[in-house]
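> Pasting in a structure now, in structure tokens, and then I'll have a few things to ask.
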Amino acid sequence: MNMQEVQKFVAERIAPAANECDRTEQFPMDLVVELAQQGWLVALADESLGGRNLDLMNFGELFELLGRGCGSVRAMVMLQNMVASLLQRWGNEEQKQKWIPGIAGGQIIAAFALSEPDVGSDALNIKASAVRSANEIKLNGKKTWITLGQIAHLFIVFARLNGKHTAFLVPRESPGLEVFPISSMLGLRAAMLAELRFKDCRIPGENIIGGIGFGLAPVGTLALNIGRYSIAWGCLGMARVCLDIAMRHVLDRQQFGTALKNFQLVQQKIADMIVSINAARYLCEAAATVGSFESRRAMMHILQAKYFATTMVARVTSDAIQLCGALGCRNETLQRLFRDAKVMEIIEGTTQIHQIKIAEFAIHEYKRKGSF
Amino acid sequence: MYRDTIRTFLKNYISDSINDDQDIFSGGYVNSLFATQLVLFIEENFDLTVESEDLNLDNFKSINAINFFIAAKKDGKR
């Protein structure tokens with residue numbers, strides 16, 4: 001993939017609308033067809049399926065550039081890739097043929113429904129339930145903070161079937177499903193969040209992805225790995241935008257008779273921003289070399305990249321505003337990125353959950369091999 | 001045939017001693033997130049691909065079940 005063309009598309013078609021989308025809390029729907037035409041909605045899939053057959057490095061770079069443009073658009077592209085990839089890996093042939101072409105073409109917008117009003121990080125304790133009869137499944141419960149929930153045509157819903165965690169394909173028009181928009185979020189404000197309420201929601205009996213009891217793993221974990229990878233790379237793009245704005249400011253802005261760039265405390269901030277962005281980039285690139293989203297090595301690298309990149313971007317957005325002073329507080333792009341950055345530390349697993357998982361993995365490996 | 005390798009792998013996650021027919025999922029020895037580790041272990045150690053239709057708890061519930069599953073996949077019976 002020609003990254004200069006991607007950069008041009010992002011600069012001309014995505015970035016200019018980002019602040020207005022943030023203000024109005026509306027996703028730029030006119031972009032969906034164009035994103036599909038670029039092959040980005042199923043970017044890992046073969047070109048015959050409408051994808052770009054990207055390797056993990058190019059896939060990451062795509063999300064870095066999308067992160068430069070608009071966090072909500074990056075989230076939308078990420079979700080389509082998450083759902084298409086889990087269908088590709090764990091769906092049966094009928095499910096693949098039924099849903100992937102529509103996702104690739106942008107006719108079907110897909111969303112991922114795991115969180116519940118009482119369940120965030122503690123995914124094992126989801127309460128949504130499913131009962132299977134001869135030819136249909138009935139779902140009951142609530143899902144919340146569902147990105148794209150307001151506009152999605154298809155939901156991957158996680159619920160317990162006979163107590164076992166299972167993933168279901170739920171079309172929006174399913175009887176018994178109600179969608180309630182969520183507004184006024186801190187960041188990613190154009191991501192069209194919604195709460196889903198299932199009251200004896202009926203779906204066809206064959207709408208299970210993977211087997212009964214395998215919903216959270218390996219089906220859900222594959223999707224989360226892709227999501228975390230995309231977020232980590234997206235943070236690089238966000239941070240670069242902040243750095244560019246801050247650099248322009250400290251070069252131009254005169255105080256005490258000289259440019260801000262000449263003050264050593266300003267230089268310290270610039271140095272810290274550059275080093276932390278590059279450190280995050282190396283972790284992202286290390287995650288890109290593992291070849292698959294499914295190996296144990298991949299999971300470990302992705303956890304580290306997401307953990308570090310999200311904490312990095314929270315710091316860099318804050319530092320950029322600090323360097324720009326009142327002008328930074330007035331800068332709509334910096335404001336948006338500052339708010340989006342906080343969200344990045346929470347979605348697809350909080351910073352703290354990442355720290356726990358990284359430590360658990362290292363301890364496990366150390367016990368097993370004496371190193372990690 | 002593959003039981004020793006399976007036992008060694010499970011010891012990394014289950015401290016209690018379990019017999020070859022003991023159900024590791026319903027017995028509460030592991031939670032459902034463990035399935036990812038199990039699938040990766042089987043794919044990486046036995047050079048085979050776990051498919052969507054293989055995701056049946058009966059294939060993974062015990063050392064004997066996993067052993068039978070791997071043998072059947074190797075023989076092309078799945």
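> Go ahead and estimate [θ] at 222 nm for chain A from helices alone: -39,500 (n - 2.57) per DSSP H run with n ≥ 4, summed, over the residue count, rounded to 500.
Mean residue ellipticity at 222 nm (helix-derived): -17500 deg cm²/dmol.
> For residue A:278 and residue A:197, FRET efficiency with R0 = 56 Å and r from the beta-carbon atoms, rounded to 0.05?
0.80
> So which of A:143/A:199; A:127/A:306; A:138/A:164; A:142/A:199 end up more than 18 Å apart by C-alpha?
From the list (A:143/A:199; A:127/A:306; A:138/A:164; A:142/A:199), the Cα-Cα distance tops 18 Å for A:127/A:306.
> I need the Kirkwood Rh of segment A:105-244: take the reciprocal of the average 1/r across all distinct C-alpha pairs and report it in angstrom.
Mean inverse Cα-Cα distance, inverted, gives 15.8 Å.
> Straight-line reach from residue A:261: which lysines fall under 29 Å, measuring Cα to Cα and dropping same-chain residues less than 8 apart?
A:269, A:342
> Would you check the accessible area of residue B:29, probe 1.4 Å, heavy atoms only, in square angstrom rounded to 10?
60
> Same structure again: For segment A:216-367, take every pair of Cα atoms, bin their distances at 10 Å starting from 0, and report each bin as a whole percent.
12, 37, 28, 16, 7, 1, 0
> Top mean-square fluctuation among A:279, A:362, A:239, Gaussian network model of chain A, C-alpha springs under 10 Å?
Highest fluctuation of the listed residues: A:362.
> Using every pair of alpha-carbon atoms in segment A:318-363, split the distances into 5 Å bins beginning at 0 and state the percent of pairs per bin, rounded to integers.
Going out from 0 Å in 5 Å bins, segment A:318-363 shows 5, 21, 19, 13, 11, 11, 10, 6, 3, 0 percent.
> Which value, in Å² rounded to 10, gives the accessible area of residue A:185 with a 1.4 Å probe and all protein chains present?
Roll a 1.4 Å probe over it and residue A:185 shows about 60 Å².
> Label the protein assembly as shown by shape, choosing from rounded, prolate and oblate, from the square roots a ≥ b ≥ c of the eigenvalues of the Cα gyration tensor; if a/c is under 1.5 it is rounded, and otherwise prolate applies when a/b is larger than b/c, oblate when it is not.
Here the protein assembly as shown falls in the prolate category.
> State the extension gain, in nm to one decimal, for the chain segment bounded by residue A:289 and residue A:172, taking 0.36 nm per residue of separation less the distance between their alpha-carbons.
That works out to 38.4 nm of additional length.
> Take the alpha-carbon centre of segment A:99-176, take the same for segment A:198-227, and report the distance between them in whole Å.
One Cα centre to the other: 7 Å.
> A further question follows. Would you kindly derive the ³J(HN,Hα) couplings of segment A:6-19 from the backbone phi angles with the Karplus curve 6.51 cos²θ - 1.76 cosθ + 1.60 (θ = phi - 60°), listing them in order in whole Hz, with x for Gly and Pro?
4, 4, 5, 4, 4, 5, 8, 10, 9, 4, x, 9, 4, 5
> Sorted by accessible area with a 1.4 angstrom probe, largest first, how do A:145, A:40 fall?
A:145, A:40
> Largest first, what is the accessible-area ranking of A:29, A:1 with a 1.4 Å probe?
A:29, A:1
> Any chance you could look up the accessible area of residue A:249 with a 1.4 Å probe, heavy atoms only, rounded to 10 Å²?
About 30 Å², rounded to the nearest 10.
> Take B:2, A:307, A:229 and sort them by solvent-accessible surface of the protein heavy atoms, 1.4 Å probe, largest at the top.
So the residues, ranked largest to smallest area, are A:307, B:2, A:229.
> Does segment A:3-108 come out rounded, prolate or oblate, given a ≥ b ≥ c as the square roots of the eigenvalues of its C-alpha gyration tensor, rounded meaning a/c under 1.5 and, failing that, prolate meaning a/b above b/c?
prolate
> Related question: Hey, what's the per residue convex hull volume over the C-alpha atoms of segment B:3-74, in cubic angstrom?
82
> Follow-up question, since we're still on this one. Report, in whole Å, the centroid distance computed from the Cα atoms of segment B:1-63 and segment A:300-372.
33
The values are calculated or read from the model by the stated rules, or taken from the named source; none is laboratory data. This structure is a prediction, so every number in the text was calculated from the model and none was measured. Virtual Cβ from ideal backbone geometry, glycine too; neighbours counted across all protein chains shown. What goes into the accessible areas is simple: the full protein's heavy atoms, side chains included, and nothing from ligands, DNA or RNA. Shrake-Rupley method; radii C 1.70, N 1.55, O 1.52, S 1.80 Å.
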